[in-house]
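Reviewing the structure listed below.
The values are calculated or read from the model by the stated rules, or taken from the named source; none is laboratory data. Being a predicted model, the structure only gives us computed values, none of them experimental. Heads up, the Cβs are rebuilt from the backbone with ideal geometry, glycines too, and the neighbour counts pull from every protein chain shown. Note: accessible area is taken over every heavy atom of the protein model, side chains too, but ligands, DNA and RNA are not part of it. Shrake-Rupley method; radii C 1.70, N 1.55, O 1.52, S 1.80 Å.
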Amino acid sequence: MTQGAMKVILLDDEYLALTALEHHLVQIPGITVAGKFVDPLKAKEYVLHHDIDAVFLDIRLPGMNGMEWTKQILRIKPRLLVVFVTAYAGYAVQAFELNAVDYLLKPVPSDRLLKTVQRLRKRAGVPVSREPAAAAAKPVQVRLFHQVAIEAGDSAVAPIRWRTARVQELFLYLLQHRGQLVRKPALADLIWPEYEPRKAYSQLYTAVYHIRKTLEPFGSHFQIASAAEGYILHLKDVRLDVEEWERGIRNGPPMTAETIDQYEKLMSLHAGDYLRGFEYEWAESERQRLLKLWIRTGMEMAECYLAGGRPEKAIAKYLEICNRHPQEEEAHFALMKLYAAANDRSSVIRQYRLLSEALWELNEKPGSSITEWYTNWGREI
């Protein structure tokens with residue numbers, strides 16, 4: 001390695017993601033992007049025959065898992081530095097077991113990427129200037145889809161650890177109502193309904209204290225303002241995946257064959273249901289609202305794929321919707337009609353049965369229009 005310079009390669013199955021990452025990296029002094037690859041075998045061959053300092057790669061690769069690719073390459077080049085850049089939060093522990101320098105979740109902010117480069121240079125033994133790190137803003141990323149996690153500065157994505165489950169619930173409730181005054185009586189009744197008012201208020205004050213203590217490492221990013229009648233959670237330089245996803249969906253360009261890849265990237269942010277695993281009654285309406293928007297966007301994407309002559313992509317999108325939300329009749333019906341058009345009789349029957357079983361759990365049956373279509377189709381074959 002020349003003094004202060006690092007050669008890196010990029011590996012991702014999406015060319016647009018490679019281009020975006022390259023665009024950010026080349027603006028960082030001392031970084032040279034020596035190559036970008038969508039084929040993991042070609043990337044491996046290149047690393048083995050060239051002097052490369054680091055690789056930025058995704059978890060999901062064509063025909064190979066990014067973890068396995070890393071294990072193979074590190075057996076031969078153990079000094080290669082590895083940074084995972086992915087839409088999947090669930091592999092972070094495995095990544096750091098491989099001694100990865102960092103684990104970034106897409107989309108990666110440029111200031112977060114700068115922090116990663118600083119860590120790369122430090123790991124490689126290159127003198128690191130304090131100025132770029134100090135100049136970089138330090139936004140906090142909070143993830144509420146799939147799992148509640150927080151990322152800030154050098155910290156990897158990790159669950160937020162709270163003193164008690166009720167302290168956690170109070171924080172999440174304030175977070176859902178961020179920027180709004182939430183009255184103390186409402187909080188006491190919601191979180192401690194079994195306590196008489198005096199004890200419930202005591203628990204509330206103690207819980208707010210513990211929230212503030214837990215959030216201290218994040219400085220001024222989270223501030224709970226007290227008022228005579230309640231509390232307001234103020235956020236500063238905090239990015240919520242929920243807000244970014246919904247804003248991207250609602251403010252995005254018209255969905256066309258040229259823009260649908262952008263929507264694929266946006267939909268990957270919705271990695272799981274809002275506050276998944278938390279059975280809070282107060283969160284259910286927001287969970288359903290976001291889920292309906294996800295389903296509607298997925299249906300529009302499937303229709304766009306069909307209009308563009310890509311039925312296989314439409315089928316994959318409909319299946320994704322059915323897997324995430326088995327009671328979504330419209331997606332099942334669309335699959336049945338596509339299978340029928342392809343003369344795939346067994347798949348039509350299977351899809352109707354899957355829908356019927358999913359609705360049976362709710363003591364419901366497929367809609368009359370679906371049942372009528374299925375009956376008529378059965379008579380024709």
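Does Ala89 meet the test of being under 22 Å from Val148 (Cα atoms) and out of contact with any helix residue (DSSP H, G or I) (no Cβ under 9 Å at 6 or more places or on another chain)? When the stated conditions are applied, Ala89 passes them. Of all the criteria given as (1) among the aliphatic types (A, V, I, L, M); (2) open to solvent by 20 Å² or more (accessible area, probe 1.4 Å); (3) within 26 Å of Pro254 (Cα to Cα), the one not satisfied by Ala342 is (3). Here is the figure for the stretch 2-19: residues that are surrounded by 17 or more Cβ atoms within 10 Å (Cβ to Cβ) and assigned to a helix (DSSP H, G or I) total 2.
Of all residues in the stretch 80-99, those that are surrounded by fewer than 20 Cβ atoms within 10 Å (Cβ to Cβ) and under 20 Å from Leu25 (Cβ atoms) total 2.
Can you pull out the residues in the stretch 23-43 that are open to solvent by less than 50 Å² (accessible area, probe 1.4 Å) and modelled with pLDDT of 90 or more? Leu25, Ile31, Val33, Ala34, Gly35, Phe37, Pro40, Ala43 - these are the residues of the stretch 23-43 that are open to solvent by less than 50 Å² (accessible area, probe 1.4 Å) and modelled with pLDDT of 90 or more.
The set of residues in the stretch 178-213 that are open to solvent by less than 40 Å² (accessible area, probe 1.4 Å) and of a type outside the set (D, E, K, R) comprises Val182, Leu187, Ala188, Ile191, Trp192, Ala200, Leu204, Ala207, Val208, His210, Ile211.
If you go through the stretch 258-290 and keep only what is open to solvent by less than 70 Å² (accessible area, probe 1.4 Å) and part of a loop (DSSP other than H, G, I, E, B), you end up with Thr259, His270, Ala271, Gly272, Asp273, Leu275, Gly277, Phe278, Tyr280.
Please determine whether any residue of the stretch 324-340 is in contact with a Cys (Cβ under 9 Å, 6 or more places away or on another chain), part of a loop (DSSP other than H, G, I, E, B) and under 30 Å from Phe145 (Cβ atoms). Don't jump to the end; show me each part of the working.
First, pick out the residues of the stretch 324-340 that are in contact with a Cys (Cβ under 9 Å, 6 or more places away or on another chain): 328, 331-332, 335.
Narrowing the set further to residues that are part of a loop (DSSP other than H, G, I, E, B) leaves 328.
Next cut, under 30 Å from Phe145 (Cβ atoms) only: 328.
Yes: the stretch 324-340 contains one or more residues that are in contact with a Cys (Cβ under 9 Å, 6 or more places away or on another chain), part of a loop (DSSP other than H, G, I, E, B) and under 30 Å from Phe145 (Cβ atoms).
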